[in-house]
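Some notes on the structure that comes next.
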Amino acid sequence: MARTTVGTVFGTLVLFAVTSTLSAQAGEDGWVSLFDGTTLNGWKASENSGSFSVRDGVIVAAGARSHLFYTGPVENAIFTDFELKVDVMTKPGANGGIYFHTEYQEEGWPLKGFEAQVNNTHKNKNRTASLFQMKDVASTPVADNVWFTEHIIVRGKRIIVKVDGKTVVEWTEPETPEAPKAYPGRIVSSGAFALQAHDPGSTVHYRNIRVRPLPVIDFPLADLHVHLKGGLKLEQAIQMSKERGVKFGIAQNCGLNFPCRNDEGLREYLKLLKGKPVYAAMQAEGREWLTMFSPEWMAKFDYIFTDSMTWTDDKGRRMRLWMPNEVHVDDEQQFMDMLVRKTVGILSSEPIDIYVNPTFLPAVIADKYDELWTKDKMAKVIAAAVANDVAIEVNARYRLPSIRFIKQAKKAGAKFTCGTNNGGTDLGTLEYCKRAIRECGLKEDDFFKPHPPGKRAIDRWRERR
């Protein structure tokens with residue numbers, strides 16, 4: 001798992017709030033364009049895909065029922081709290097809509113999420129800005145054949161729809177949601193956006209589609225858990241880093257039965273990364289790693305991280321928690337007590353800067369995560385991390401640790417990092433990390449910064465010996 005880390009040398013990279021690829025350009029105050037004005041790249045139409053086309057910088061919806069879903073890279077197409085602005089123009093008698101908190105479906109009216117209505121003169125009386133079937137508007141706020149801006153704001157349970165800056169609808173979901181029977185998924189949650197082509201007699205134009213995820217992340221992110229695996233080359237990783245505006249920490253797996261097993265392996269890896277615009281990271285594997293490498297060579301890395309996924313249980317069985325055939329859970333509570341004890345021991349005795357893949361559970365009990373990771377068990381792990389100045393990774397691949405854990409760790413004064421922890425050429429995105437930052441109120445000061453030589457965990461460990 002990886003964490004968001006911010007290094008001083010990263011200051012030269014473009015600071016932007018939410019984009020994850022070059023194709024999604026961030027504007028002022030965190031606004032990001034979702035439509036390139038030329039193609040439907042990043043969008044996917046359902047049934048009757050021919051109902052959508054691009055003409056002169058405009059998405060034209062005209063034809064049989066279809067929905068155009070945003071599937072692009074911004075926030076991994078999963079939005080929770082946000083502001084969305086879309087410039088719209090209706091032709092006479094047209095019906096359309098802007099969906100949010102939805103998800104792709106092959107046909108039919110989207111069952112998940114909400115629809116902000118686009119309708120000035122259609123026979124259907126739910127007019128523009130109506131939160132369809134939740135809070136409808138009977139009067140038309142704008143005219144056909146004129147461009148207007150529909151502005152949707154979602155903060156928590158509260159939804160606001162504005163037209164040309166004027167609030168038309170304000171609606172707050174009750175404590176116990178009451179979704180229409182025909183649309184049981186019309187509940188505040190998270191999801192994608194979609195544009196509607198309603199019927200062959202309706203023509204609606206959409207342009208200048210931009211989103212501002214809330215709250216805005218106003219500091220640069222770093223992905224400190226990237227591997228050159230599955231054919232991913234260093235040059236490709238560096239190019240991805242530039243495109244994403246995210247500095248990478250590239251890690252070598254070091255330990256028993258891993259690619260790097262001695263100081264010579266460390267030397268060769270550091271030689272590969274020398275002079276490159278990336279952090280050099282060492283992933284310490286298993287518990288034997290401290291006997292395999294010299295402190296002098298370990299100290300040459302920008303940081304060292306490990307997890308608590310490999311250890312020997314109280315019956316002498318060496319386990320790798322991601323390998324089902326090596327996992328032994330004789331009693332769930334005893335296993336959790338042992339996992340917590342092993343994790344605290346690792347955080348307290350090994351010279352690591354970051355605890356990655358935090359709170360990982362083997363598949364056999366993973367579905368009981370919230371039940372097994374009690375507040376008390378989390379507190380013990382968090383306390384060990386804080387006491388030993390070990391940052392806790394927010395892992396985008398496994399979506400760990402839980403938001404509940406992150407909030408508890410923040411309150412205790414823990415530091416964090418972000419990471420994709422890729423297993424191949426597909427790095428994935430930092431969507432879960434961004435979600436954690438927003439939901440937990442994390443700020444730049446909450447994130448780990450790689451220490452200079454002499455100040456790293458390995459240096460402190462050597463001083464204590």
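The values are calculated or read from the model by the stated rules, or taken from the named source; none is laboratory data. Quantities reported herein were computed from a predicted structural model and do not represent experimental measurements. So basically every Cβ, Gly included, is an ideal-geometry build from the backbone, and we count neighbours across all protein chains shown.
Checking every residue in region 321-337 against the condition of being touching an Asp or Glu at 6+ places or on another chain (Cβ under 6 Å) and crowded, with 18+ Cβ neighbours inside 10 Å gives zero matches. Here residue 102 passes the criteria (1) among the β-branched types (Val, Ile, Thr); (2) touching a Pro at 6+ places or on another chain (Cβ under 8 Å); (3) over 21 Å from residue 66 (Cβ atoms) except the one numbered (3).
Select from region 282-311 the residues that are exposed (fewer than 13 other Cβ atoms within 10 Å of the Cβ) and β-branched (Val, Ile, Thr) and list them in ascending order.
So in region 282-311, the residues exposed (fewer than 13 other Cβ atoms within 10 Å of the Cβ) come out as 291, 294, 296.
If the condition is that a residue be exposed (fewer than 13 other Cβ atoms within 10 Å of the Cβ) and β-branched (Val, Ile, Thr), then 291 is the only one that fits.
Any residue that is among the hydrophobic types (A, V, I, L, M, F, W, C) and under 29 Å from residue 278 (Cα atoms) - is there at least one of those in region 361-380? If you could, list the steps in order and put the result at the bottom.
Taking region 361-380 as the starting set, the residues that turn out to be among the hydrophobic types (A, V, I, L, M, F, W, C) are 361, 363-366, 372-373, 378-379.
When the remaining residues are screened for being under 29 Å from residue 278 (Cα atoms), the result is none.
Looking for residues that are among the hydrophobic types (A, V, I, L, M, F, W, C) and under 29 Å from residue 278 (Cα atoms), one finds none in region 361-380, hence no.
Scan region 435-450 for residues that are touching an Asp or Glu at 6+ places or on another chain (Cβ under 8 Å) and at pLDDT below 95 and the total you get is 1. Apart from one condition, residue 218 fits all of (1) in a loop (DSSP other than H, G, I, E, B); (2) over 21 Å from the mean Cα position of the chain (by Cα); (3) over 30 Å from residue 94 (Cα atoms); the exception is (2).
Got a sec? Which of 135, 91, 123, 157 is assigned by TED's automatic domain parsing to the domain that holds residue 35, within 23 Å of the chain's Cα centre (by Cα) and of a type in the set (D, E, K, R)? It would help to see each step written out before you state the result.
On the way: 135 fails: within 23 Å of the chain's Cα centre (by Cα); 91 fails: within 23 Å of the chain's Cα centre (by Cα); 123 fails: within 23 Å of the chain's Cα centre (by Cα).
It is 157.
Looking at 165, 156, 191, 201, just one residue is farther than 28 Å from residue 75 by Cβ and not hydroxyl-bearing (Ser, Thr, Tyr), and that residue is 201. Pairing each residue of region 174-194 that is closer than 15 Å to residue 131 by Cβ with any residue that is of a type in the set (Asp, Glu), provided the two are 6+ apart or on different chains, yields C-beta distances under 7 Å for 188/173. For the condition within 28 Å of residue 48 (Cα to Cα) and either buried (at least 17 other Cβ atoms within 10 Å of the Cβ) or modelled with pLDDT under 95 (or both), residue 120 qualifies.
Annotation: of all residues in region 254-312 being in contact with a strand residue (DSSP E or B) (Cβ under 6 Å, 6 or more places away or on another chain) and of a type in the set (Val, Ile, Thr), the one that is farthest from residue 344 (Cα to Cα) is 278. Within region 326-333, is there a residue that is under 19 Å from residue 256 (Cα atoms) and assigned to a helix (DSSP H, G or I)? Looking for residues that are under 19 Å from residue 256 (Cα atoms) and assigned to a helix (DSSP H, G or I), one finds at least one in region 326-333, hence yes.
Note on region 399-420: residues that are closer than 18 Å to residue 389 by Cβ, without any contact (Cβ under 8 Å) to a residue 40 or more places away in the chain and outside any helix (DSSP H, G or I) amount to 4.
If only one of 129, 179 is out of contact with any Leu (no Cβ under 9 Å at 6 or more places or on another chain), part of a loop (DSSP other than H, G, I, E, B) and buried (at least 20 other Cβ atoms within 10 Å of the Cβ), which one is it?
Numbers: 179 fails: buried (at least 20 other Cβ atoms within 10 Å of the Cβ).
The match here is 129.
Which residue pairs have Cβ atoms under 8 Å apart, sit 6 or more places apart or on different chains, and have a first residue in region 358-373 that is outside the structural domain of residue 311 (by TED's automatic domain parsing) and farther than 15 Å from residue 403 by Cα and a second that is surrounded by fewer than 12 Cβ atoms within 10 Å (Cβ to Cβ) and not polar (S, T, N, Q)? Listed pairs, sorted by first residue: none to list.
Among residues belonging to region 67-78 that are over 15 Å from residue 45 (Cβ atoms) and surrounded by fewer than 23 Cβ atoms within 10 Å (Cβ to Cβ), point out the one that is nearest to the chain's Cα centre (by Cα).
Of the residues in region 67-78, the ones over 15 Å from residue 45 (Cβ atoms) are 73-76, 78.
Subset that is surrounded by fewer than 23 Cβ atoms within 10 Å (Cβ to Cβ): 73, 76, 78.
On the way: 73: 10, 76: 7, 78: 8 Å.
Step by step, filter region 67-78, then rank; the result is 76.
For region 304-318, state whether one or more residues are part of a strand (DSSP E or B) and among the basic types (Lys, Arg). Yes: region 304-318 contains one or more residues that are part of a strand (DSSP E or B) and among the basic types (Lys, Arg).
Any idea which residue in region 212-226 is surrounded by the most Cβ atoms within 10 Å (Cβ to Cβ), counting only those that are touching an Asp or Glu at 6+ places or on another chain (Cβ under 7 Å) and not aromatic (Phe, Trp, Tyr)? Here the answer is 225.
Scan region 322-344 for residues that are farther than 22 Å from residue 388 by Cα and either aliphatic (A, V, I, L, M) or out of contact with any strand residue (DSSP E or B) (no Cβ under 8 Å at 6 or more places or on another chain) (or both) and jot them down.
Residues of region 322-344 that are farther than 22 Å from residue 388 by Cα, as a first pass: 322-335.
Once the filter is applied, which keeps residues that are farther than 22 Å from residue 388 by Cα and either aliphatic (A, V, I, L, M) or out of contact with any strand residue (DSSP E or B) (no Cβ under 8 Å at 6 or more places or on another chain) (or both), region 322-344 yields 322, 323, 324, 325, 327, 329, 330, 331, 332, 333, 334, 335.
Only one of the numbered conditions (1) assigned to a loop (DSSP other than H, G, I, E, B); (2) of a type in the set (Gly, Ala, Ser); (3) touching an Asp or Glu at 6+ places or on another chain (Cβ under 8 Å) is violated by residue 139, and that is (3). In region 259-279 there is at least one residue that is surrounded by 15 or more Cβ atoms within 10 Å (Cβ to Cβ) and hydroxyl-bearing (Ser, Thr, Tyr).
Screening region 42-119 for strands (runs of 3 or more DSSP E) wholly inside it with 2 or more residues that are in contact (Cβ under 8 Å) with a residue 40 or more places away in the chain and among the β-branched types (Val, Ile, Thr) returns the ranges 58-62, 82-90, 95-102.
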